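Read-outs throughout are calculated quantities, based only on the coordinates presented, and are distinct from any laboratory measurement. Predicted model, so just to flag it, every value in this text is computed and none were measured. All Cβ positions, glycine included, derive from the backbone under ideal geometry; neighbour counts span all protein chains shown.
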Amino acid sequence: MDEQRRKWLFGEKRRAELALIGITVIWGLTFTFTKKSLAELQPFVFLAWRFILAFAVMLVLCAGRLRKMNLPTLGAGVLLGLLLIGSYAFQTFGLKYTTAGNAGFITGLFIVFTPLLAAIFLKHKQSPRSIVAVVVALIGLGFLSIAPGFHISVGDALVLVCAFTYSVHIIFLDGYTKKYDLLLLVMVQMGVLALGNTILGLGFESFKLPSTGYVWMSVIVCGLFASALAFYVQGYAQKVLTPSRTSMVLIMEPVFSLMFGMILLSERLTWRGWVGCALILAGMLITEIPIAFLKGGRGETVEGEADAELIQI
């Protein structure tokens with residue numbers, strides 16, 4: 001195995017992508033826990049307990065680093081947390097006025113917004129291959145989410161704001177992870193999410209403690225793995241991946257959600273779902289295999305091409 005192939009298979013960017021895929025697996029798995037838990041707790045209340053636990057864990061982990069906290073780090077974490085609260089809130093309220101399929105598709109539009117915002121504000125040029133990858137993944141998301149009779153509603157507009165807000169979060173996170181302490185950033189985000197969802201839960205829902213072991217388990221799993229760990233790993237990955245590449249990997253979440261729904265909830269996937277999953281996976285893989293990796297053995301020219309092709313979006 002030559003040096004270039006070794007770099008492609010085991011390099012830092014590859015490790016970051018694999019870590020991010022691992023997080024989409026966790027989010028896909030915890031979706032099934034959340035779905036069943038919402039029969040007992042309302043959405044903002046469940047999110048409040050989830051992030052209260054995540055903040056408590058991050059506070060313990062950051063105990064020795066709190067002296068490094070400063071206003072810029074605090075401000076960056078608060079802004080990131082507010083963007084995530086906005087994303088959760090717009091999606092939750094939007095779901096009241098639209099279907100789950102519409103919401104799933106429209107939320108996935110962050111794979112379109114993210115490269116657009118990156119091109120405008122970060123001056124990231126998008127290659128033709130990356131544009132094709134986004135289009136293929138978007139078509140797959142349509143097959144996965146849109147049912148016959150799709151129409152636009154007020155709820156769809158609210159969920160669209162959710163997708164845009166999440167894209168803005170990815171863009172800001174790209175810069176902040178390179179400037180500030182990542183653990184402290186995650187801790188502040190979890191704190192803002194805990195406070196914000198508690199306020200929303202008290203204002204719009206019936207706030208109460210979980211009353212069953214299953215819901216407590218869901219809160220613990222979602223708080224530890226799908227929140228504290230997940231947002232740390234996303235921050236770590238975005239230190240080396242572009243925002244556009246990050247969004248393309250994160251779009252795998254609905255695929256894993258469906259897989260675990262089939263396994264754990266006995267849900268069935270239609271032919272449209274299978275086609276959608278295949279297209280989303282194809283969209284991610286289009287940018288995975290660099291042209292230079294396939295050519296190989298052509299010295300410095302190939303190595304330079306590989307660096308340019310390794311992560312296209």
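The table that follows gives values for the structure above.
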{"quantity": "Centroid-to-centroid separation of the stretch 239-290 and the stretch 12-61 [C-alpha atoms, Å]", "calculated": "18 Å"}
{"quantity": "Ordering of 91-98, 219-226 by packing [mean C-beta count within 10 Å, highest first]", "calculated": "219-226, 91-98"}
{"quantity": "Net charge of neighbours whose Cβ lies under 15 Å from the Cβ of F46, counting Lys and Arg as +1 and Asp and Glu as -1", "calculated": "+2"}
{"quantity": "Rel. contact order, % - alpha carbon contacts under 8 angstrom, at least six apart, the stretch 12-289", "calculated": "43 percent"}
{"quantity": "Ranked packing of 268-278, 119-129, most packed first, by mean Cβ within 10 Å", "calculated": "268-278, 119-129"}
{"quantity": "Amide hydrogen neighbours beyond the local backbone of E267, cut-off 5 Å, H modeled", "calculated": "M262"}
{"quantity": "Mean ellipticity per residue at 222 nm, deg cm²/dmol - from DSSP H runs of n ≥ 4 across the chain, formula -39500 (n - 2.57)", "calculated": "-24000 deg cm²/dmol"}
{"quantity": "Formal net charge of residues neighbouring M217 (Cβ-Cβ distance under 15 Å; K, R +1; D, E -1)", "calculated": "+2"}
{"quantity": "Above-threshold pairs, the threshold being 23 Å between Cα atoms, out of K36/K208; K13/K35; K96/K208; K68/K178; K68/K123; K36/K239", "calculated": "K13/K35; K68/K123; K36/K239"}
{"quantity": "Angle in degrees between helix 43-61 and the longest Cα principal axis of the chain, rounded to the nearest 10", "calculated": "70 degrees"}
{"quantity": "Cβ crowding within 10 Å averaged over residues, with 17-23, 166-172, 246-252, 194-200 ranked highest first", "calculated": "246-252, 166-172, 194-200, 17-23"}
